[in-house]
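Following: one structure in C-alpha cells, then a few remarks.
Read the figures in this text as sums done on the coordinates, not as results from a lab. From a predicted model like this one, the values you see are computed outputs, not experimental measurements. Here the Cβ is made from the backbone with ideal geometry for all residues, glycine too, and neighbour counts use every protein chain on show.
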Amino acid sequence: TFMPMAVIFSLLLIMVTNSWLKRRVSIPDQLRRAIKRHEFSVNYQPVYNITTGIVAGAEALMRWQLPNGQWARPDLFISAAEEEGMIVPLTKHLLELIAEESISWQIPPGFHLGLNITGEHIQHPDFITDIRQFAAQVAHHHLLITLELTERSLISDGPEVIEKLQLLRNEGIRISIDDFGTGHCSLSYLQTFPLDYLKIDRGFVAAIESTDDDAPVLDAIIALSHKLKLSIVGEGVETSVQLDYLKDRGVTFIQGYLYARPMASSALMTWIQHEGQQPLTSG
Ligand code: C2E
Ligand code: MG
Ligand code: MG
Ligand code: MG
C-alpha cells in the first residue's frame, strides 16, 4: 500500500544521502592526506636589492599539486586551511620541507629567507619552538630569516603576540609586514611593533602606471617607512617604470616578475649563481 512505500522510499533516500556525505572528504582530511602523499612543495621567489644590484634573498611560497596534475591556487587553499584550523600543521610541514631541501643549498651568508606566517600560528603554543627549531636546522647557512605577517595577524591579539615576536627578534629573526596598505593596521601600531621591513602590496605598485589615485598613498607609505626607519620591499614589480619609480623614492628591495618568478629549490640555486649576480638594468 501507499504508506509503506513512502517509508521505504525515504529510508532509501537517507541511505543514499548518507553514503554520499561519508564519501565527501572534509577539507582538514584532504589537507592531511595531501601532506602524507607529498603533494606539497615549496617555491622560492627571489628578492632584489636595488642598492647592491644583486639578489638579497627569496620568499618561500607554498605549492600544492593535486593527483590529477593540476596546481591548487595558493590564495584559495591557504585561506581554506586557515578557516579550517589547518594552517599550523601545514606551516610546520612547509618548514620541514624547506629544512630538508636546504641541506644541499649553496648560498651566500646573509641571504634573506622570507616565511609567510599567520596570526593563528603566532598564538599557538608551539610557535616559538617551531621557529627556533627551523632556525637551528638551517643555522649553518647563516640566513636572515624573516617572518612575513599580514596586518590582520598583527592586530589579532595583543601583548602576547608582540612579546613572542620580540623574543624571536632578539634571537636574530626579522619581522616584516606583508601586503602593507590592504589591512587595518593603525599607524601608531607600526611604532609599537618590533618591525624590520614593510612590504608594500602589489596593488599600490600597480597603481604607479594606472590613472587612479593610489600613487599619493604609495608615496605616503614610502615616506612613513623612511620615518620609522623600516626597509621597504616593493611587491609585484612587473615593469621597469615601476622599478624606477620605487628606486627614485629610496626603496631598497623589490620582488616581482620583472626580476624573477617563484621557482623550485634546485632552480633557485642555479639562478642565484647566474642571474642573481647581475643588476637589473632599467629603461
Ligand atoms: P604574498 O605573501 O604576498 O606572496 C606574493 C604573491 O604574489 C605570490 O603569489 C607571488 O607568486 C605573487 N607575485 C610575485 N610577483 C608578482 C608579480 O610581479 N605580479 C603578480 N601578479 N604576482 C606576483 P602566490 O604564491 O600565489 O601566493 C599568494 C599568497 O598566498 C601569498 O601572498 C601569501 O599570502 C599566501 N602564501 C603563499 N605561501 C604561503 C605559506 O607558505 N604560508 C602562508 N601562511 N601563506 C602563504
Ligand atoms: Mg609574503
Ligand atoms: Mg606579500
Ligand atoms: Mg601580496
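Some notes on this structure:
- Taking the square roots of 5 times each eigenvalue of the Cα gyration tensor of the chain, largest first, gives ellipsoid semi-axes of 40, 23, 21 Å.
- Angle in degrees between helix 127-137 and the longest Cα principal axis of the chain, rounded to the nearest 10: 60 degrees
- Distances between placed amide hydrogens fall under 5 Å for Ala264 paired with Tyr44, all partners being 5 or more residues away or on another chain.
- What separates the Cα centres of segment 64-126 and segment 141-208 is a distance of 17 Å.
- Computed lengthening from Gln278 to Leu66, 0.36 nm per intervening residue step minus Cα-Cα distance: 72.7 nm
- Proximal aspartates and glutamates relative to Lys92, as straight alpha-carbon distance under 12 Å, when same-chain residues fewer than 8 apart are discounted: Asp126, Asp130
- The C-alpha atoms of the chain define a longest principal axis, and helix 215-227 lies at about 70 degrees to it.
- Applied to segment 249-266, the Karplus parametrisation 6.51 cos²θ - 1.76 cosθ + 1.60 on θ = phi - 60° returns per-residue 3J(HN,Hα) values of 9, x, 6, 8, 10, 9, 9, x, 4, 4, 8, 6, 8, x, 8, 5, 3, 5 Hz, with x for Gly and Pro.
- Proxy reagent accessibility, fewest Cβ within 10 Å first, across Phe204, Phe193: Phe193, Phe204
- Residue list for segment 40-57, given a label point 7 angstrom along the Cα-to-Cβ vector of Thr270 and an amide N cut-off under 19 Å: 42-47, 55
- Cross-link partners for Lys229 among the lysines, with Cα-Cα distance under 24 Å and sequence neighbours closer than 8 places in the same chain left out: Lys164, Lys199, Lys247.
- Residue-span extension gain [Glu100 to Gln137] - 0.36 nm each, minus C-alpha spacing: 12.4 nm
- Kirkwood Rh, angstrom, segment 112-204 [1 / mean 1/r, Cα pairs]: 13.5 Å
- This model, with +1 at the C-beta of Lys and Arg and -1 at the C-beta of Asp and Glu, gives the chain a dipole about its Cα centre of some 840 debye.
- Fully extending the segment from Asp219 to Ile54, taken as 0.36 nm per residue of separation minus the present Cα-Cα distance, adds 56.9 nm.
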